[in-house]
1. Taking the conditions exactly as written (under 13 Å from the mean Cα position of the chain (by Cα) and either farther than 30 Å from Asn27 by Cβ or β-branched (Val, Ile, Thr) (or both)), does Pro95 satisfy them or not?
2. For the subset of the range 15-45 comprising residues that are closer than 11 Å to Glu77 by Cβ and of a type in the set (A, V, I, L, M), which member is modelled with the lowest pLDDT?
3. Filter the range 150-163 down to the residues that are of a type outside the set (Phe, Trp, Tyr) and surrounded by 17 or more Cβ atoms within 10 Å (Cβ to Cβ) and list them by number.
4. Out of all the residues in the range 110-138, which are assigned to a loop (DSSP other than H, G, I, E, B) and farther than 19 Å from Ala84 by Cα?
5. Where residues in the range 42-94 are in a helix (DSSP H, G or I) and in contact with a helix residue (DSSP H, G or I) (Cβ under 9 Å, 6 or more places away or on another chain), which of them is surrounded by the fewest Cβ atoms within 10 Å (Cβ to Cβ)?
6. For the range 165-206, how many residues are among the aliphatic types (A, V, I, L, M), outside any helix (DSSP H, G or I) and surrounded by 13 or more Cβ atoms within 10 Å (Cβ to Cβ)?
7. Leu113 passes all but one of (1) closer than 27 Å to Lys71 by Cα; (2) crowded, with 21+ Cβ neighbours inside 10 Å; (3) hydrophobic (A, V, I, L, M, F, W, C); which number fails?
Amino acid sequence: MAFNKHGGIVVFIVFAVLQMANAGDPNILTDFVFPPNVTAVDANFFTYTGLRVLVGAPPPPAFNVLKATKKEFPSLEGQSVSYAVLQYPAGTINPLHSHPRSTELLFLLQGTLEVGLVDTTNKLYTQTLQAGDMFVFPKGLVHYQYNADSKNYALAASAFASASAGTVSVPNSVFTSGIDDTILATSFKTDVSTIESIKAGLKPKA
């Protein structure tokens, strides 16, 4: 993995994050938000080391996301920013999903990536990104990323204009949320056995 070769890009990404901060969560009335039952902090509060595992590590066997949201990094509370690093082994996909609370600004660090989004008029926009390209996924719109390269790994970093952008997985929210099979079959103009087959395919592998 060549993550450590991209250190010079960090400043560029930080600026992108800061620009997005103007359009996110409600403003706070203090410089930062203390965690519950805490009245004083030191510099460690503003430091997140959870992405160190990327440096020098081999690509994962499946698509993987490492997040820095307010859940993992509490000092982001109220700051209207968060971050994710996305790893795409050859032939893998980040399935259809949306972020209800934030725009996503993706920056491709390594490899190639096919991306797409669908707007509210049901129009599909697709693009093949090269390393160094950026792509914006507007807030709330369904989108995906796919590494169509059968041999090479892809690596991307995404900035969000919320400390907790949220992720709604289309396959999971439709087929694994408990919606009645008859309703799904009627909605998709198919039969219950087809719905059951789709659900079986979405079950975690043992």
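The values are calculated or read from the model by the stated rules, or taken from the named source; none is laboratory data. Keep in mind that this is a model prediction, so the values were computed, not measured. Note that each Cβ is placed from the backbone with ideal geometry, even for glycine, and that neighbours are counted across all protein chains shown.
1. Numbers: under 13 Å from the mean Cα position of the chain (by Cα): yes; either farther than 30 Å from Asn27 by Cβ or β-branched (Val, Ile, Thr) (or both): yes.
For Pro95, the condition - under 13 Å from the mean Cα position of the chain (by Cα) and either farther than 30 Å from Asn27 by Cβ or β-branched (Val, Ile, Thr) (or both) - is met.
2. Restricting to residues being closer than 11 Å to Glu77 by Cβ and of a type in the set (A, V, I, L, M), the top hit is Ile28.
3. First, the residues of the range 150-163 that are of a type outside the set (Phe, Trp, Tyr): 150-152, 154-159, 161-163.
Ala154, Leu155, Ala156, Ala157, Ser158, Ala159, Ala161, Ser162, Ala163 - these are the residues of the range 150-163 that are of a type outside the set (Phe, Trp, Tyr) and surrounded by 17 or more Cβ atoms within 10 Å (Cβ to Cβ).
4. Start the filter on the range 110-138 by keeping residues that are assigned to a loop (DSSP other than H, G, I, E, B), which leaves 111, 119-123, 131-133, 138.
Answer for the range 110-138, where residues must be assigned to a loop (DSSP other than H, G, I, E, B) and farther than 19 Å from Ala84 by Cα: Asp119, Thr120, Thr121, Asn122, Lys123.
5. The initial filter retains those residues of the range 42-94 that are in a helix (DSSP H, G or I), namely 43-46, 52-54, 74-76.
If we keep only those that are in contact with a helix residue (DSSP H, G or I) (Cβ under 9 Å, 6 or more places away or on another chain) too, we end up with 45-46, 54, 74-75.
On the way: Phe45: 15, Phe46: 11, Leu54: 16, Pro74: 18, Ser75: 18.
Here the answer is Phe46.
6. Looking only at the range 165-206, we keep the residues that are among the aliphatic types (A, V, I, L, M), and these are 165, 168, 170, 174, 179, 183-185, 192, 195, 198, 200, 202, 206.
Restricting the remaining residues to those that are outside any helix (DSSP H, G or I) gives 165, 168, 179, 206.
Of the ones still in play, those that are also surrounded by 13 or more Cβ atoms within 10 Å (Cβ to Cβ) are 165, 168, 179.
Total meeting the criteria: 3.
7. For Leu113, the failing item is (1).
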